[in-house]
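The structure appears below as structure tokens.
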Amino acid sequence: MRKGKDQIKAFLGKDTEFNGRLVFSGAIRIDGKFKGEILTDGTLIIGETANLEAEIRASHVIISGHVKGDMSAKNKIEIHSPGRVYGNIQAPIITIADGVLFEGNCHMNKNNSKDGNKERQDSKLAVLPK
């Protein structure tokens with residue numbers, strides 16, 4: 001079990017459908033259908049059976065399901081097989097596994113903490129073999 005901020009605080013199961021705006025802290029896992037907007041300073045886990053049509057702003061996003069919409073993460077976006085992402089993604093670190101379908105633009109930049117301006121820096125993109 002995870003401790004502290006990364007502990008899963010909510011779970012939307014496979015047969016769950018939710019429309020609207022989801023705001024939370026900590027971690028949440030979605031395995032059902034979601035349509036709307038997700039805002040968090042925590043971790044969003046999108047399971048293999050999940051189907052999201054959403055604008056996502058999070059600290060860390062882990063994707064194994066289907067996502068349509070733009071997303072940005074403060075720290076990291078991970079896309080695992082059999083994940084499918086249709087939209088633009090932005091984070092300092094992006095990991096895309098072998099077998100993933102990704103259609104969109106990928107921007108990797110880090111937020112400059114002094115003045116809030118974004119500047120391009122050496123970021124990490126990893127494409128992992130199966």
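The values are calculated or read from the model by the stated rules, or taken from the named source; none is laboratory data. Predicted, not measured: the structure shown is a model, and the values here were computed from it. Heads up, the Cβs are rebuilt from the backbone with ideal geometry, glycines too, and the neighbour counts pull from every protein chain shown.
Values computed for the structure shown
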{"read-out": "Filter result (farther than 15 Å from VAL67 by Cβ and in a loop (DSSP other than H, G, I, E, B)) within region 6-43", "value": "GLN7, GLY13, LYS14, ASP15, THR16, SER25, GLY26, ASP41, GLY42"}
{"read-out": "Residue satisfying all of: in region 80-130; of a type in the set (Gly, Ala, Ser) and modelled with pLDDT under 70; farthest from GLU53 (Cα to Cα) among these", "value": "SER113"}
{"read-out": "Every pair of residues 6+ apart whose Cβ atoms lie under 6 Å, when the first sits in region 51-78 and is in contact (Cβ under 8 Å) with a residue 24 or more places away in the chain and within 20 Å of ILE8 (Cβ to Cβ) while the second is acidic (Asp, Glu) and surrounded by fewer than 19 Cβ atoms within 10 Å (Cβ to Cβ)", "value": "GLY65/GLU48"}
{"read-out": "So THR43, is it over 21 Å from THR95 (Cα atoms) and either without any contact (Cβ under 8 Å) to a residue 12 or more places away in the chain or among the polar types (S, T, N, Q) (or both)", "value": "no"}
{"read-out": "Residues satisfying the stated conditions in region 44-56, i.e. surrounded by fewer than 19 Cβ atoms within 10 Å (Cβ to Cβ) and either basic (Lys, Arg) or assigned to a loop (DSSP other than H, G, I, E, B) (or both)", "value": "GLY47, GLU48, THR49"}
